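The values are calculated or read from the model by the stated rules, or taken from the named source; none is laboratory data. Everything numeric in this text was worked out from a predicted model, so none of it was measured. Here the Cβ is made from the backbone with ideal geometry for all residues, glycine too, and neighbour counts use every protein chain on show.
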Amino acid sequence: MLNTDWPSVKKIYEEGLATGNASFQTTAPDWNEWNESHVNSCRLVALENEAILGWAALTAVSGRCVYAGVGEVSVYIAQQSRGIGIGKILLQSLIDESEKNNFWTLQSGIFPENKPSIRIHEELGFRLIGSRQKIGKMNGVWRDTLLFERRSPKIGID
């Protein structure tokens, strides 16, 4: 992902937010805020004929050095590209890229209603480690999230 990809990435982000089942965020941030909050090394876009179909990136879960290898997953797919496997390809590519950059644990907080996201996470080795009930309000309604985790079989095994 390049900074010049941001207009397309932001549009896809906003399409995901509009579903109500992608994030507690209600609006996409500007480029500077997004750039500062995401890991530089693990930012991907899916391209077809130079059009961005989706994106994936990691956010550090903590600034503490002991958690340097733990990342929070974001995967967003353009509305017209959903349901054709782009999400799974991006998530697998993000896993591969994360291991090249010494991430030993990836985690995802997913709304229970987001069945496609749950399915691809499980297919790619994420396991459900718990649910967080009424963890946050969205439009005045308490929402639950499911917490998924994937430990790398290559990084952090010693």
Exercise for review: All but one of (1) surrounded by 18 or more Cβ atoms within 10 Å (Cβ to Cβ); (2) of a type outside the set (S, T, Y); (3) within 14 Å of the chain's Cα centre (by Cα) hold for I52, so report the exception by its number.
Suggested key: (3)
**Study point:** Members of the stretch 57-101 that are under 18 Å from I155 (Cβ atoms) and among the hydrophobic types (A, V, I, L, M, F, W, C)
**Key:** L58, A60, V61, C65, V66, A68, V70, V73, L91, L94, I95
Exercise for review: Go through the stretch 137-152 and give me each residue that's over 20 Å from A60 (Cα atoms) and surrounded by fewer than 18 Cβ atoms within 10 Å (Cβ to Cβ).
Suggested key: K137, M138, N139, G140, V141, W142, D144
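Test E72 against the stated conditions and say whether it is at pLDDT 95 or above and outside any strand (DSSP E or B).
Details: at pLDDT 95 or above: yes; outside any strand (DSSP E or B): no.
Judged against the criteria, E72 is not a match.
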Exercise for review: Could you please tell me which pairs satisfy a Cβ distance under 7 Å, a separation of 6+ or placement on different chains, a first residue in the stretch 1-22 that is closer than 15 Å to P116 by Cα, and a second residue that is among the acidic types (D, E)?
Suggested key: N21/E113
Check your understanding: Within the stretch 126-139, which residues are in contact with a strand residue (DSSP E or B) (Cβ under 7 Å, 6 or more places away or on another chain) and either on the phi > 0 side of the Ramachandran plot or assigned to a helix (DSSP H, G or I) (or both)?
Key -> G130, K134
Exercise for review: Could you list all residues from the stretch 76-118 that are in contact with a strand residue (DSSP E or B) (Cβ under 8 Å, 6 or more places away or on another chain), farther than 18 Å from N40 by Cβ and of a type in the set (A, V, I, L, M)?
Suggested key: I77, A78, I86, I89, L91, I110, I118
Review point. Is there any pair linking a residue in the stretch 119-141 that is under 21 Å from P153 (Cβ atoms) to one that is among the small types (G, A, S) and outside any strand (DSSP E or B), with Cβ under 6 Å and at least six apart or on different chains, and which?
Key: I120/G87
Point to revise | Residue check for V39: surrounded by 14 or more Cβ atoms within 10 Å (Cβ to Cβ), among the β-branched types (V, I, T), in a strand (DSSP E or B) and touching a residue at least 24 places away in the same chain (Cβ under 8 Å) | key: no
Check your understanding: Is one or more of the residues making up the stretch 95-102 over 27 Å from M138 (Cα atoms), surrounded by 19 or more Cβ atoms within 10 Å (Cβ to Cβ) and hydrophobic (A, V, I, L, M, F, W, C)?
Key -> yes
Review point. Out of all the residues in the stretch 110-125, is one or more in a strand (DSSP E or B) and closer than 27 Å to E33 by Cα?
Key: yes
Practice item. Determine, yes or no, whether F24 is part of a loop (DSSP other than H, G, I, E, B) and under 18 Å from L146 (Cα atoms). Key: yes
Check your understanding: Considering only residues of the stretch 82-94 that are crowded, with 18+ Cβ neighbours inside 10 Å and of a type outside the set (V, I, T), which is nearest to H121 (Cα to Cα)?
Key -> L91
